[in-house]
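Read through the structure below, which is laid out as structure tokens, and then see the notes.
The values are calculated or read from the model by the stated rules, or taken from the named source; none is laboratory data. Predicted model only: the values in this text are computed from it and were never measured. Please note: Cβ atoms are built from the backbone with ideal geometry, for glycine as well, and neighbour counts cover all protein chains shown. What goes into the accessible areas is simple: the full protein's heavy atoms, side chains included, and nothing from ligands, DNA or RNA. Shrake-Rupley method; radii C 1.70, N 1.55, O 1.52, S 1.80 Å.
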Amino acid sequence: QGQLVESGGGLVQSGGSLRLSCVASRRTFLKPIMGWFRQAPGKEREFVAAINAEGSATYYAASVKGRFAVSRDSAKDTLYLQMNNLKPEDTAVYYCAAGSNFMMTPSSWDNWGQGTQVTVSS
């Protein structure tokens, strides 16, 4: 019923990989857009990646393109973020979100999870 629950965060060395998961309610999962944002200490929340309901279009921030991949599993109502070649600057709390239209500004999104911590060491 509108819930979004992230998991999969942790501590990893530079160059390592993690896969984040976001389990959503069916209604939330079927919203036109789902995606990921992140927020580092003392910084504003920033867009990371998004995918449309059909899974036919993906969007990425320039800083993660080529390293991260967003996907979705309709059978499990789950959103994923595969993160490869992680860098220390990727360290942040990662949030799952859902919305009606694709926008890069956090205020434009409707539903948010509680976040999961990703820490990348040098």
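One table, with the values for the structure above:
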quantity: Hits in region 49-71 (condition: among the hydrophobic types (A, V, I, L, M, F, W, C) and either surrounded by 16 or more Cβ atoms within 10 Å (Cβ to Cβ) or over 17 Å from Arg38 (Cα atoms) (or both)); calculated: Ala49, Ala50, Ile51, Ala53, Ala57, Ala61, Val64, Phe68, Ala69, Val70
quantity: Some residue of region 2-24 being under 11 Å from Val118 (Cβ atoms), charged (D, E, K, R), surrounded by 13 or more Cβ atoms within 10 Å (Cβ to Cβ) and in contact with an Asp or Glu (Cβ under 8 Å, 6 or more places away or on another chain); calculated: no
quantity: Strands (runs of 3 or more DSSP E) wholly inside region 1-61 containing at least 1 residues that are touching a Cys at 6+ places or on another chain (Cβ under 8 Å) and not acidic (Asp, Glu); calculated: 4-7, 18-24, 33-39
quantity: Qualifying residue in region 72-85 (condition: in contact (Cβ under 8 Å) with a residue 60 or more places away in the chain and open to solvent by less than 20 Å² (accessible area, probe 1.4 Å)); calculated: yes
quantity: Any pair with Cβ under 6 angstrom, 6 or more apart, that starts in region 91-102 at a residue that is touching a residue at least 40 places away in the same chain (Cβ under 8 Å) and ends at one that is part of a strand (DSSP E or B) and of a type in the set (Val, Ile, Thr); calculated: Thr91/Thr119; Thr91/Val120; Tyr94/Thr116; Tyr94/Val118; Gly99/Ile33; Phe102/Ile33
quantity: Tally of residues being among the charged types (D, E, K, R) and touching a residue at least 60 places away in the same chain (Cβ under 8 Å) across region 33-43; calculated: 1
